[in-house]
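Everything below concerns the one structure shown next.
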Amino acid sequence: MYFRQFLNDDHGCASYLIASGQTGEAAVVDPALEIDQYEAILAKRGYTLKYVIDTHVHADHISGARQLAGNHLAELVLFETAQVAYPFRPLADGEELVLGEVRLRAMHTPGHRPELMSILVINLDRSPEPSMVLTGDSLLVGDAGRPDFGGGDAAAQYDTIRKLLSLPGWVAVFPGHFEGPCGKSMCGRPSTTIGFEQQFNPFANLTRDEFITAISDVAARPLNMTAIEATNRGTDDLFWAMPRGDQQVTEIDIATAMQELESANPPLLLDVREPDEYDSGHIPGAINLPQAELAQRIDELPQDEPVLLICEAGKRSLRAAQFLKQRGFAKPVTISGGTAAWRERQTE
């Protein structure tokens with residue numbers, strides 16, 4: 001068996017290529033939009049791509065599954081309950097895909113998303129038991145996937161984590177994320193084992209109520225989430241909404257921002273926080289456009305005029321400004337220190 005993990009540092013995502021040493025048949029799981037990395041391995045090793053699998057409908061990055069499957073006339077595979085606008089091979093709980101001596105067994109693990117499945121990897125040359133599980137955004141290293149993305153459910157996530165942690169301790173865990181917005185406590189490692197997570201994952205030994213309370217305390221929705229999810233469902237075609245690289249943008253402090261906003265011709269001030277954050281206090285005149293909705297509402301913004309962006313501390317506004325620069329906006333500006341710095345200034 002051949003097994004390869006691919007890590008995307010820009011988005012904290014992981015994807016996988018699995019192939020049979022006997023037949024050369026291969027599968028790619030949760031492919032990134034940049035599919036050349038898989039194409040290179042398939043060509044170099046002479047593998048035949050048989051399956052392309054998305055463990056769920058992703059909301060934080062655009063999948064390359066349809067393009068990759070189309071390039072090779074491979075079967076595009078999702079769990080049977082996936083709600084998408086394009087044809088796919090539905091996989092039922094417990095059903096297996098065959099790659100020579102390798103079996104890829106679906107395990108329905110809802111919670112983060114209702115259609116999320118994990119993939120148990122069985123290499124019959126070594127054992128009839130699974131040696132690995134690809135968990136998508138269900139069980140993460142030191143964490144569990146957030147349940148607030150499009151039909152997620154905290155109680156279902158509790159049951160899923162208990163189900164996964166009941167696997168044998170030797171099973172290696174390869175998640176769909178090692179960083180990023182799908183969890184807030186990931187330690188940065190790209191893999192772990194069931195046994196280690198049984199002992200040290202902070203969600204492992206919580207009661208159901210404790211788990212639901214803890215997992216429901218989530219961060220802001222990811223940049224361009226609504227456009228990314230719609231693209232992955234096939235209900236829209238916004239592949240350009242995927243943030244790429246680190247564009248250089250102007251950064252100013254809150255004092256400079258206030259001077260510009262108090263000038264005779266003030267620039268547009270865009271608050272990219274969530275609506276509840278905005279409602280709890282914002283700079284007068286700021287327009288709320290959550291970062292999750294930025295791509296789908298980008299036509300509301302002036303492309304050739306200055307746009308000041310603010311969030312709570314400066315991280316989200318920086319990413320949003322970089323995306324606007326990526327899309328050709330002339331003067332996106334991020335405010336360092338964010339609304340927190342503005343509040344502090346008000347008390348001085």
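Bear in mind that the values in this text are calculations on the coordinates, not laboratory data. The structure presented is a predicted model; accordingly, all values stated were derived computationally and were not measured. As a convention, Cβ positions derive from the backbone with ideal geometry for all residues, glycine included, and neighbour counts pool all protein chains shown.
So how do HIS72, HIS11, HIS112 line up by other beta-carbon neighbours within 10 Å, fewest first?
Listed from fewest to most nearby Cβ atoms, that is HIS72, HIS11, HIS112.
Under Stokes-Einstein, with the Kirkwood radius over Cα pairs standing in for Rh, what whole-number D in µm²/s applies to segment 243-347 at 37 °C and 0.692 mPa s?
243 µm²/s
Kindly work out what percent of the DSSP beta bridges joining two residues of the chain are antiparallel, to the nearest 5.
Percent antiparallel among DSSP bridges in the chain is about 50.
Students often get this wrong: which residues of segment 289-308 have the backbone nitrogen under 13 Å from the point 7 angstrom along Cα-to-C-beta of TRP240?
It comes to 295-300, 303, nothing else.
Pick from PRO31, PRO114, PRO275: which is most flexible by mean-square fluctuation in a GNM of the chain where alpha carbon atoms under 10 Å apart are linked?
The residue that fluctuates most here is PRO275.
Would you list TRP240, TRP342 from fewest to most Cβ contacts within 10 Å?
Lowest count first: TRP240, TRP342.
Within segment 47-85, list the residues whose amide N lies under 14 Å from a label point set 7 Å along Cα→Cβ of LYS163.
Within reach of a label on LYS163: 56, 79-82.
Give me ARG345, ARG233 ranked fewest to most by other Cβ atoms within 10 Å of their Cβ, as a rough exposure proxy.
ARG345, ARG233
So, in nm, how far is label ALA255 from label GLN37 when the simple model puts each one 7 Å beyond its Cα toward the Cβ?
Rounded to a tenth, the inter-label distance reads 4.3 nm.
Does segment 1-138 come out rounded, prolate or oblate, given a ≥ b ≥ c as the square roots of the eigenvalues of its C-alpha gyration tensor, rounded meaning a/c under 1.5 and, failing that, prolate meaning a/b above b/c?
rounded
Can you give the extra length, in nm with one decimal, that the chain gains between SER127 and PHE200 once fully stretched, where that is 0.36 nm per residue apart less the Cα-Cα distance?
Length difference between fully extended and current span is 23.6 nm.
Can you grab the distance from the C-alpha centre of segment 75-152 to the C-alpha centre of segment 1-39, Å, no decimals?
15 Å
In whole Å, largest first, what are the principal axis extents of the Cα atoms in the chain?
Between the extreme Cα coordinates on each principal axis of the chain lie 74, 46, 30 Å.
Alpha carbon centre of segment 159-237 versus segment 262-309: separation in Å?
About 31 Å separates the Cα centre of segment 159-237 from the one of segment 262-309.
Pairs of lysine in the chain with Cα under 30 Å and at least 8 positions apart or on different chains: total?
Taking the chain as the scope, the lysine pair count is 6.
Rounded to the nearest 0.05, what FRET efficiency is calculated for CYS187 and ALA264 with R0 set to 56 Å and r the Cβ-Cβ distance?
That gives a FRET efficiency of 0.65.
Considering the chain as a Gaussian network with a 10 Å cut-off on Cα pairs, which listed residue, PHE79, PHE174, PHE239, attains the greatest mean-square fluctuation?
The residue with the greatest mean-square fluctuation here is PHE239.
Taking springs between alpha-carbon atoms closer than 10 angstrom, which of ALA65, ALA14, ALA220 fluctuates most in the Gaussian network model of the chain?
ALA220
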